[in-house]
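The values are calculated or read from the model by the stated rules, or taken from the named source; none is laboratory data. It should be emphasised that the depicted structure is a prediction, and the values quoted were computed from it without experimental measurement. Reconstructed Cβ throughout: ideal geometry from the backbone, glycine too, with neighbour counts over all protein chains shown. Heads up: the accessible areas ignore ligands, DNA and RNA and are worked out on the full protein's heavy atoms, side chains in. Shrake-Rupley method; radii C 1.70, N 1.55, O 1.52, S 1.80 Å.
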Amino acid sequence: MNNRIHETLTGKITRRQALLGTAGVLFAASATGPRPARAAGQWLPPLPYPQDALEPVISARTLEFHYGKHHQGYAANLERLVAGTPMADLRLEEIVTRSARDPGQSGIFNNAAQVWNHTFFWKSLKPGGCAMPADLAPVVNRSFGGLEGLKKELAQAASSQFGSGWAWLVREGDRLKVTKTANAHTPLEDGLTPLVTIDVWEHAYYLDYQNRRADYAAAVMDKLMNWEFALENFRRGQRPAV
Ligand code: MN3
């Protein structure tokens with residue numbers, strides 16, 4: 001978290017802010033009035049790689065829309081929906097799990113979950129991909145009989161999800177399993193630990209693959225999947241923070 005966001009979230013008035021002049025005065029005034037707005041853009045962290053880094057599997061043009069329009073749109077909606085509510089002070093994962101239990105908050109849930117899912121998806125991909133880490137291989141073997149078995153199940157989940165949604169590799173106890181969710185839904189709602197995900201909304205692949213979702217999913221698994229990120233999440237053994 002950068003200092004400015006941290007200061008805004010904690011409400012600290014620092015010497016640096018005092019030196020900001022007008023901005024510092026405005027912030028100081030807001031300390032006794034309504035809670036200051038959270039930093040703009042907080043739900044839209046930078047992509048972890050350049051926009052063209054996933055080519056040719058995922059084009060820069062797709063990321064321009066997927067990150068720059070879709071993810072950006074969910075982030076902007078979320079910011080607007082939680083502004084001035086008690087949700088505004090919660091961590092993103094808490095907003096997701098709390099709003100999931102309240103049908104009256106489906107708008108907040110859909111946007112918060114999509115922000116979480118997308119931030120997690122970007123981290124699930126790595127330019128050039130990577131090998132399965134030796135420390136994760138035994139649990140993959142135990143759960144799926146090997147990497148090919150895992151890919152087969154993940155491909156099946158990606159292809160068979162009817163309409164928009166997500167295919168996931170998750171940790172359940174000491175084993176792994178594949179699951180899929182519709183629309184904005186996420187395994188966080190079921191208390192599972194996601195390790196990696198594949199976005200199977202049409203906006204994720206249509207510019208590059210049109211209707212060939214299975215080809216997109218196979219290419220992502222073979223050439224971009226960040227198995228090192230999967231291991232990090234497996235080791236953490238709890239809800240991974242994004
Ligand atoms: Mn998407």
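Among (1) away from the ligand (no atom under 16 Å from the Cβ); (2) closer than 27 Å to E55 by Cβ; (3) open to solvent by 40 Å² or more (accessible area, probe 1.4 Å); (4) assigned by TED's automatic domain parsing to the domain that holds E228, where does A131 come up short?
In the conditions (1) away from the ligand (no atom under 16 Å from the Cβ); (2) closer than 27 Å to E55 by Cβ; (3) open to solvent by 40 Å² or more (accessible area, probe 1.4 Å); (4) assigned by TED's automatic domain parsing to the domain that holds E228, A131 misses (4) alone.
Restricting attention to the stretch 105-146, report how many residues are over 17 Å from the mean Cα position of the chain (by Cα) and closer than 30 Å to L81 by Cα.
Going through the stretch 105-146 one residue at a time, the tally reaches 3.
Identify all residues within the stretch 136-172 that are surrounded by 20 or more Cβ atoms within 10 Å (Cβ to Cβ) and farther than 21 Å from F120 by Cα; write none if there are none.
F144
Residues to consider are E153, E202, E148; find the one that is modelled with pLDDT of 95 or more and within 12 Å of the ligand (Cβ to nearest atom).
Of E153, E202, E148, the one residue that is modelled with pLDDT of 95 or more and within 12 Å of the ligand (Cβ to nearest atom) is E202.
What are the pairs, 6+ residues apart or on separate chains, where a residue within the stretch 44-67 that is assigned by TED's automatic domain parsing to the domain that holds Q114 and of a type in the set (S, T, N, Q) has its Cβ under 7 Å from a residue that is open to solvent by 50 Å² or more (accessible area, probe 1.4 Å) and not in a helix (DSSP H, G or I)?
Hits for this filter: zero, empty list.
If we keep just the residues of the stretch 82-119 that are among the hydroxyl-bearing types (S, T, Y) and away from the ligand (no atom under 16 Å from the Cβ), which is farthest from L63 (Cα to Cα)?
Going through the qualifying residues, I end up with T85.
When only residues in the stretch 160-199 that are within 18 Å of G237 (Cβ to Cβ) and β-branched (V, I, T) count, which is nearest to the ligand (Cβ to nearest atom)?
Looking at residues that are within 18 Å of G237 (Cβ to Cβ) and β-branched (V, I, T), I get T197.
Tell me the residue from D190, D199, D222 that is outside the structural domain of I95 (by TED's automatic domain parsing), open to solvent by 10 Å² or more (accessible area, probe 1.4 Å) and touching a strand residue (DSSP E or B) at 6+ places or on another chain (Cβ under 9 Å), please.
D190
Please count how many residues of the stretch 136-160 are part of a loop (DSSP other than H, G, I, E, B) and either within 20 Å of N211 (Cα to Cα) or touching a residue at least 12 places away in the same chain (Cβ under 8 Å) (or both).
Final tally of qualifying residues: 1.
Using the structure shown, decide if L176 is in contact with a Pro (Cβ under 9 Å, 6 or more places away or on another chain) and touching a residue at least 40 places away in the same chain (Cβ under 8 Å).
When the stated conditions are applied, L176 does not pass them.
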